[in-house]
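> Just passing along the structure, written as structure tokens.
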Amino acid sequence: MTAKDILRSTNVFLLDLDGTVYLDDTPIGGAAEVLHVLRQMGKQLVFLTNNSSKTQKEYHEKLSRIGLWREQDLIYTSGMATIDYLRLHAPDARVFLLGTDALKEEFARGGITLDERAPDLCILAYDTTVTFDKLRRFDAFLKAGVRFWATHPDDVCPTAGYSMPDVGSFLALFERSAHRSPECIIGKPCAPMAECLSHNLHMPRGAMCMVGDRMHTDIRFANNNGMKSILVLSGETTEESMKNFPDLPDLVLPALDRLV
């Protein structure tokens, strides 16, 4: 599939963030220019991330600060997708959320009932303020049989110079301590995030294209959910390392600015 084919058949571009449109606080190449062209072509841009430690507001502030945000754009995190999925499938659930205070506030604003005393659903998010007491209480509820979800499956979160343990690493912890695995994982590459995007945007998945730098999340997300995909080699994946994955993108580009 060529870039022209993708541009002609895509209404919504789902854009991964770090490694795709920016590195830390620096836009990658001509990212701002290509986003401008896509908007002029009438494409909807959705900045899509698995990072559930930050809120929509925090990402809006960052994208605005580095010149990549425009009013018609959308931001969608795995935390936001989890809120939407709860509304669709467990609207009355009392939730013990292992997450940051900012994410808890976002859940509360979204109408989700938070309850750390008698929850009927435990949700593991990327908590950069985690304490042993939080882990202990979460673990106790899992051992008592409370339902278990996770916002996303990433083992690590890339940062400048090194990668920090992410939700996937804590899932391994609870697999060992409580002998439990989540019954539902929301974020890329899993189906719930795709379901929520299609529901919110009123758009068939075939009209969406996922653009990202990670084979096992971004490209697999597209392949698992009937979307087109573009792999950019500006982040984690190289031409050599992509051979280690069974997934195949529809198009491979050195960077996003080569799309148009």
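> Could you work out the local net charge near LEU171, counting Lys and Arg as +1, Asp and Glu as -1, over the other residues with Cβ closer than 11 Å to its Cβ?
Numbers: positive: ARG176, ARG180; negative: ASP154, ASP155, ASP166, GLU175.
Spelling it out: positives minus negatives among the neighbours equals -2.
> On to the next question. If amide H atoms are built 1.01 Å from N in the plane of the peptide, which residues on other chains or at least 5 residues away come under 5 Å of the amide H of ARG214?
The list, which skips near neighbours in sequence, is ILE219.
> For the pairs LYS62/LYS134; LYS57/LYS104; LYS62/LYS243; LYS188/LYS243, flag any whose C-alpha to C-alpha distance is greater than 24 Å. Intermediate values should be presented prior to the final figure.
Working: LYS62/LYS134 29 Å; LYS57/LYS104 13 Å; LYS62/LYS243 33 Å; LYS188/LYS243 20 Å.
LYS62/LYS134; LYS62/LYS243, as the Cα separations exceed 24 Å there.
> Separate question: Three principal axis extents, largest first, for the C-alpha atoms of the stretch 98-185, in Å?
Answer, in whole Å and largest first: 40, 32, 24 Å.
> If N is the number of residues in the stretch 204-260, what value comes out of its Cα radius of gyration divided by 2.2 N^0.38 Å? Spell out each step's value before the answer.
Details: Rg = 10.5 Å, N = 57, 2.2 N^0.38 = 10.2 Å.
Scaled against compact globular proteins, the figure is 1.03.
> Using a 10 Å Cβ count of at most 13 others and DSSP loop calls, identify the longest part of the chain lacking such trypsin sites (Lys or Arg not before Pro). Let's see the in-between values first.
Details: sites that count: ARG70, ARG117.
With trypsin sites (Lys or Arg not before Pro) excluded where exposed in loops, the chain gives 118-260 as its longest stretch.
> Taking only Cα atoms and a 10 Å spring cutoff, compute GNM fluctuations for the chain and point out the largest among GLY19, GLY161, GLY99.
It is GLY161.
> Which GluC sites (Glu not before Pro) in the stretch 55-100 pass both tests, a DSSP loop state and at most 11 other beta-carbon atoms within 10 Å? Don't skip to the end; give the middle numbers.
Details: sites: GLU58, GLU61, GLU71; in loops: GLU71.
Here the sparse-neighbourhood loop sites are GLU71.
> Separate question: Enumerate the aspartates and glutamates that LYS43 could reach by cross-link, defined here as Cα to Cα under 17 Å, with residues fewer than 8 away along the same chain left out.
Correct list for LYS43: ASP5, ASP16, GLU33, GLU71, ASP73, ASP257.
> Here's a follow-up. Can you compute the radius of gyration and Dmax for the stretch 3-149, using only the Cα atoms, both in Å?
Using the Cα atoms of the stretch 3-149, the pair Rg, Dmax is 18.1, 54 Å.
> Where in the stretch 114-131 is the amide nitrogen less than 19 Å from a point lying 7 Å along the Cα-to-Cβ axis of ASP101?
Within reach of a label on ASP101: 114-117, 125-131.
> What are the semi-axes of the equivalent ellipsoid of the stretch 30-76, taken as the square roots of 5 times the eigenvalues of the Cα gyration tensor, listed largest first and rounded to whole Å?
On the way: eigenvalues 77, 26, 15 Å².
Whole-Å semi-axes of the equivalent ellipsoid: 20, 11, 9.
> Scan (i) 32, 19, 17; (ii) 24, 21, 18; (iii) 29, 27, 15 for the value of semi-axes √(5λ) of the Cα gyration tensor in Å calculated from this model and give just the label.
Step by step, semi-axes √(5λ) of the Cα gyration tensor in Å for this structure corresponds to label (i).
> In addition: How long are the three semi-axes of the equivalent ellipsoid for the stretch 30-113, computed from the Cα gyration tensor as the root of 5 times each eigenvalue, in whole Å, largest first?
Numbers: eigenvalues 169, 39, 15 Å².
Ellipsoid half-lengths, sorted descending, are 29, 14, 9 Å.
Here, each number is a calculation from the coordinates, and none is a lab measurement. Since we're looking at a predicted model, the values are computed, not measured. Cβ: placed from backbone, ideal geometry, glycine included. Neighbour counts: every protein chain shown.
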